[in-house]
Amino acid sequence: EAQNRLSQHLLYHANTKEQYEEAIYWLKISAIQNKNPIASYNYVIAHVKEHTTESNLTTNQVNDLLFHALNNGVPEAQHLLNHCSKLENLAKLKNIVLSEESGDEYEEIADYLI
């Protein structure tokens, strides 16, 4: 929880590329390592809004992060899941990779969405 709060504080006050990168670093720690559902949602949003210069998320990662958020009390994730279920919408997002680069066992995001 502390990493998520720190990332939100840093994002709110960020004025430079370096400040955004530090905020995203802590957001990623909170989302990926600590499985914070709010951070999971916000980490996807950070990619959608192009607040990060790090490697792109795959559709599988977007799926995992948003479903984790939704299943753990972040209802806002449903709207983004619905939006991302349309591949033409995903194709417009520069920081989301449509190919299966993660090598995991999941299928494309559209196959999982409601």
Is region 23-36 home to any residue that is part of a helix (DSSP H, G or I), modelled with pLDDT of 80 or more, touching a Ser or Thr at 6+ places or on another chain (Cβ under 8 Å) and among the charged types (D, E, K, R)? no
Considering residues that are touching a residue at least 12 places away in the same chain (Cβ under 8 Å) and either not in a helix (DSSP H, G or I) or not hydrophobic (A, V, I, L, M, F, W, C) (or both), the number found within region 37-70 is 20
Looking at (1) modelled with pLDDT under 85; (2) closer than 21 Å to Asn36 by Cβ; (3) touching a helix residue (DSSP H, G or I) at 6+ places or on another chain (Cβ under 9 Å); (4) part of a loop (DSSP other than H, G, I, E, B), which is the one condition that is false for Ile114? (2)
Name the single residue that is surrounded by the fewest Cβ atoms within 10 Å (Cβ to Cβ) among those in region 27-41 being closer than 16 Å to Pro75 by Cα and under 9 Å from the mean Cα position of the chain (by Cα). Tyr41
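The values are calculated or read from the model by the stated rules, or taken from the named source; none is laboratory data. On a predicted model such as this, the values are computed, not experimentally measured, just so you know. No Cβ is skipped: glycine too gets one built from the backbone with ideal geometry, and neighbour counts run over all protein chains shown.
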